[in-house]
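The values are calculated or read from the model by the stated rules, or taken from the named source; none is laboratory data. In this text, all values refer to a predicted model and were calculated from it rather than measured experimentally. Ideal geometry is used to build each Cβ from the backbone, glycine not excepted, and the neighbour counts take in all protein chains shown. Note: accessible area is taken over every heavy atom of the protein model, side chains too, but ligands, DNA and RNA are not part of it. Shrake-Rupley method; radii C 1.70, N 1.55, O 1.52, S 1.80 Å.
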Amino acid sequence: MQNQDSRNTIIFFVCAAVIMGLYMIFVMQPQAERRRAAQAAATEQVQNRGDHAPDTTVGGGPQDAVFVTDRAQALSRAARVPIESPTLRGSLSLVGGRIDDLFLVRYRETLAKDSPPVELFRPQGMEHAYFAQFGWTGPNVAGGTPGPNTLWRLTGGERLTPTTPVTLTWDNASGLRFTRVIALDPQYLFTVTDTVANLGGQPITLAPYGRVERHGMPSGLGRDMISHEGAVGTFSRGKGFFTEQHKYKDWAKKPRIEHETIGGWLGITDKYWLSALIPDQKEAVEAGFRVRDNGGVQVQEASMIGAARTINPGRQITETQRLFAGAKRSQVLSAYEDNLGLPRFVYAIDWGMLWFLTRPIFMVVEFFYGLLGNFGLAILALTVAVKLIMFPLANKAYESLSKMRKLQPKMEEIKKKHEGDPQKQQMETMALYQREKINPLAGCLPIFVQIPVFYALYKVLFVTIEMRHAPFFGWIRDLSARDPSNIWTLFGLIPWDPGSVPLIGGLLVGMLGLGVLPLFYGLTMWLQMAMNPPAPDPVQRRIFQMMPVVFTFVMAPFAAGLLIYWAWNNILSIIQQYFIMHRFGAENPIDDFIARFRKKAA
């Protein structure tokens with residue numbers, strides 16, 4: 001029975017290692033290559049100003065499947081109003097009044113000093129166009145209503161800044177005058193205030209709408225399995241609100257999703273960036289997500305339409321809509337949530353199924369960051385806080401492990417006494433545990449408790465913009481990315497790229513590309529396991545000896561912040577366990593090493 005268990009244990013670990021290796025080679029490595037290619041293409045497209053393609057007509061239509069690659073050419077097809085703020089740079093088009101040219105100036109595509117700012121919106125006519133627009137719709141309105149092809153006149157202001165709103169005007173030549181005032185706050189919120197005056201002799205019925213469109217699937221989609229990208233929104237239901245998400249692939253299967261809601265918000269989200277429509281929170285709107293085909297291009301659309309209202313002759317109405325277009329910073333989203341009475345806006349961040357752990361852990365990390373000024377130090381402080389909370393539980397676990405290690409000679413005697421009877425060995429061992437009041441499973445409890453914390457921190461590092469490009473010290477310039485050092489370059493001493501090696505380059509950078517942090521983590525794991533009682537079975541003992549090596553390779557691709565957390569957690573556990581072992585007089589490898597060192601020195 002014992003030999004069978006040993007074989008099963010060996011088979012399990014071998015299969016786990018093989019599966020992990022195949023996953024790294026055939027999934028993680030291709031995803032990393034696609035990510036690098038998409039990033040390089042995006043950078044080249046932003047910087048490219050010489051490659052011209054045939055011009056296209058402004059407005060939605062089948063001809064829009066022919067794209068221009070030069071941004072300047074796309075922008076030059078309509079008069080524009082510059083947009084400048086501490087966080088945004090770009091322009092809005094007077095054709096359609098579209099907000100369609102936007103860069104996030106506080107964020108770069110990569111860590112390189114010459115890296116361009118992150119692009120959020122892209123003008124229509126370019127591949128992967130992405131923009132927001134607002135307008136009015138109504139049945140049989142003489143002269144029409146402002147739509148995607150409407151040419152607005154700039155009648156107030158020269159550039160849109162947090163201190164200078166702009167005013168656009170359009171007259172439909174049949175008695176309706178539309179005046180649009182667009183304001184921008186210092187963060188990421190556009191406020192669009194439309195006034196419609198009926199100068200004719202007949203009542204007119206109109207309804208306001210807002211729309212965010214993305215043409216074509218985003219570059220590099222699917223590279224992040226853990227984060228949500230696609231449609232997102234919060235809608236009213238009864239007396240409360242619920243948040244709904246649809247990944248792009250699921251969204252395409254349900255081309256029309258509709259909700260009737262009072263207030264709320266909806267939009268399109270990337271991992272770190274969001275464009276969201278925000279109606280008046282007391283107004284009933286019809287909101288929904290739609291996927292449609294436009295000349296062979298799949299268009300994802302989040303839209304809302306307000307209730308129809310009648311404008312009598314000589315009267316006017318005013319409608320205010322808002323657009324969030326920017327980075328999903330928790331503090332910023334929470335501020336809008338409070339100031340606008342916006343329900344669950346912070347849930348635009350994909351906190352995951354364990355949101356009740358993920359959000360509090362993020363808040364703790366952000367609190368320590370406010371004190372220490374470094375997210376790496378904040379993670380170390382979080383680790384200490386978690387260890388303090390679990391200190392009593394860990395104490396009991398390490399006491400049991402120390403007693404088991406001290407009883408190792410008696411256990412060896414039981415094994416020799418009943419060498420041919422594994423069942424009798426187990427019975428005698430359990431009786432010994434009962435006499436000494438030892439729980440052999442107690443040592444596993446701290447690990448099981450740590451798993452949800454580990455996952456929550458993993459999620460925090462992966463989806464929160466605060467962690468993106470957050471430096472620690474030395475060579476760790478991004479806590480949300482893997483350790484950039486590599487054993488094949490002697491940790492930066494040899495100036496060459498292991499990824500350039502034919503056939504195995506990806507493997508050298510990926511699964512076998514051990515950095516300083518994974519190696520240090522593996523060392524701490526080995527020392528912690530060496531302090532535990534050895535397994536009674538020799539085969540299991542060898543397996544446990546190999547586990548630090550296996551997990552060193554498994555953890556190598558993970559975010560540097562996770563390795564910092566886990567290695568520091570191991571160090572704190574080793575210190576706690578060392579003092580408890582001393583208290584119970586149990587042997588430990590640290591004292592053995594010190595004794596050997598002193599003996600050699602003498």
Taking the stretch 375-387 as the region of interest, how many residues are of a type outside the set (Gly, Ala, Ser), over 19 Å from Phe448 (Cα atoms) and either in contact with a strand residue (DSSP E or B) (Cβ under 7 Å, 6 or more places away or on another chain) or surrounded by 17 or more Cβ atoms within 10 Å (Cβ to Cβ) (or both)? 3
Exactly one of these conditions fails for Leu340: (1) touching a residue at least 24 places away in the same chain (Cβ under 8 Å); (2) under 25 Å from Pro186 (Cα atoms); (3) open to solvent by 60 Å² or more (accessible area, probe 1.4 Å). Give me its number. (3)
Could you list, in sequence order, the residues of the stretch 240-257 that are within 13 Å of Glu301 (Cα to Cα) and hydrophobic (A, V, I, L, M, F, W, C)? Trp251, Ala252, Ile257
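Consider the stretch 142-155. How many of its residues are open to solvent by 20 Å² or more (accessible area, probe 1.4 Å) and over 37 Å from the mean Cα position of the chain (by Cα)? Let's see the steps before the verdict.
We begin by selecting, within the stretch 142-155, every residue open to solvent by 20 Å² or more (accessible area, probe 1.4 Å); these are 142-145, 148-149, 151, 153-155.
Of the ones still in play, those that are also over 37 Å from the mean Cα position of the chain (by Cα) are 142-145, 151, 153-155.
Within the stretch 142-155, residues that are open to solvent by 20 Å² or more (accessible area, probe 1.4 Å) and over 37 Å from the mean Cα position of the chain (by Cα) number 8.
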Cross-chain or 6+ apart pairs with Cβ under 8 Å, the stretch 388-407 first and under 17 Å from Val453 (Cα atoms), then part of a helix (DSSP H, G or I) and small (Gly, Ala, Ser): Ala394/Ser573
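Count, please, the residues in the stretch 513-542 that happen to be open to solvent by 20 Å² or more (accessible area, probe 1.4 Å) and within 22 Å of Trp568 (Cβ to Cβ).
Residues of the stretch 513-542 that are open to solvent by 20 Å² or more (accessible area, probe 1.4 Å), as a first pass: 516-517, 519-520, 523, 525-530, 532-534, 536, 538-542.
Then drop every residue that is not within 22 Å of Trp568 (Cβ to Cβ), which leaves 516-517, 519-520, 523, 525-530, 532.
Adding up the residues that qualify gives 12.
Arg211: surrounded by fewer than 23 Cβ atoms within 10 Å (Cβ to Cβ) and within 29 Å of Leu92 (Cα to Cα), yes or no?
Values: surrounded by fewer than 23 Cβ atoms within 10 Å (Cβ to Cβ): yes; within 29 Å of Leu92 (Cα to Cα): yes.
So Arg211 fits the description; yes.
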Within the stretch 543-554, is there a residue that is open to solvent by 30 Å² or more (accessible area, probe 1.4 Å), over 30 Å from Phe473 (Cα atoms) and touching a residue at least 40 places away in the same chain (Cβ under 8 Å)? yes
Got at least one residue in the stretch 365-372 being more than 22 Å from Ala567 (Cα to Cα), among the small types (Gly, Ala, Ser) and either open to solvent by 40 Å² or more (accessible area, probe 1.4 Å) or more than 16 Å from the chain's Cα centre (by Cα) (or both)? yes
Odd one out for Ile349, checked against (1) within 17 Å of Leu274 (Cβ to Cβ); (2) open to solvent by 50 Å² or more (accessible area, probe 1.4 Å): (2)
Would the stretch 367-388 turn up any residue that is at pLDDT below 90 and charged (D, E, K, R)? yes
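Please report, ordered by residue number, the strands (runs of 3 or more DSSP E) entirely within the stretch 228-305 with at least 2 residues that are open to solvent by 10 Å² or more (accessible area, probe 1.4 Å). Step through it out loud before you land on a result.
Numbers: elements: 230-237, 240-247, 256-262, 265-269, 273-278, 284-294.
In the stretch 228-305, the matching strands (runs of 3 or more DSSP E) lie at 230-237, 240-247, 256-262, 284-294.
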Whether any residue in the stretch 138-158 is hydroxyl-bearing (Ser, Thr, Tyr) and either farther than 28 Å from Thr310 by Cα or free of Cβ contacts under 8 Å to residues at least 40 places away in the same chain (or both) is what I want to check. yes
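Just to be sure I understand, how many residues within the stretch 193-208 are surrounded by fewer than 22 Cβ atoms within 10 Å (Cβ to Cβ) and closer than 28 Å to Gly90 by Cα? Walk me through it before giving the result.
Let us first name the residues in the stretch 193-208 that are surrounded by fewer than 22 Cβ atoms within 10 Å (Cβ to Cβ), namely 193, 195, 197-203, 205, 207.
Subset that is closer than 28 Å to Gly90 by Cα: 193, 195.
The qualifying residues number 2.
Does the stretch 390-406 include one or more residues that are in a helix (DSSP H, G or I), aliphatic (A, V, I, L, M) and either more than 20 Å from Gln576 (Cβ to Cβ) or open to solvent by 50 Å² or more (accessible area, probe 1.4 Å) (or both)? If you could, list the steps in order and put the result at the bottom.
Step one: list which residues in the stretch 390-406 are in a helix (DSSP H, G or I), which gives 391-406.
The next check asks that each one be aliphatic (A, V, I, L, M); those that pass are 393-394, 397, 401, 404.
Cutting the leftovers down to either more than 20 Å from Gln576 (Cβ to Cβ) or open to solvent by 50 Å² or more (accessible area, probe 1.4 Å) (or both) gives us 393.
Checked the stretch 390-406: at least one residue is in a helix (DSSP H, G or I), aliphatic (A, V, I, L, M) and either more than 20 Å from Gln576 (Cβ to Cβ) or open to solvent by 50 Å² or more (accessible area, probe 1.4 Å) (or both).
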Would you mention how many residues in the stretch 180-189 are part of a strand (DSSP E or B), open to solvent by less than 40 Å² (accessible area, probe 1.4 Å) and not charged (D, E, K, R)? 4
Can you spot a residue in the stretch 435-448 that is at pLDDT 75 or above, part of a helix (DSSP H, G or I) and open to solvent by 20 Å² or more (accessible area, probe 1.4 Å)? yes
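Every residue, every condition in (1) touching an Asp or Glu at 6+ places or on another chain (Cβ under 9 Å); (2) modelled with pLDDT of 95 or more, yes or no:
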residue	(1), (2)
Gln187	no, yes
Thr191	yes, yes
Pro203	no, no
Val212	yes, yes
Leu221	yes, no
Glu229	yes, no
Gly240	no, no
Tyr248	yes, no
Residues satisfying the stated conditions in the stretch 157-173, i.e. surrounded by fewer than 14 Cβ atoms within 10 Å (Cβ to Cβ) and part of a strand (DSSP E or B): Thr164
Residues located in the stretch 223-281, provided they are within 16 Å of the chain's Cα centre (by Cα) and hydrophobic (A, V, I, L, M, F, W, C): Met225, Ile226, Ala231, Val232, Ile268, Trp273, Leu274
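For the structure I just gave you, tell me whether Arg405 is of a type in the set (Lys, Arg) and modelled with pLDDT under 75.
Values: of a type in the set (Lys, Arg): yes; modelled with pLDDT under 75: yes.
For Arg405, the condition - of a type in the set (Lys, Arg) and modelled with pLDDT under 75 - is met.
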If Gly216 meets every condition in (1) modelled with pLDDT under 95; (2) open to solvent by 30 Å² or more (accessible area, probe 1.4 Å); (3) not charged (D, E, K, R) apart from one, which number is that one? (2)
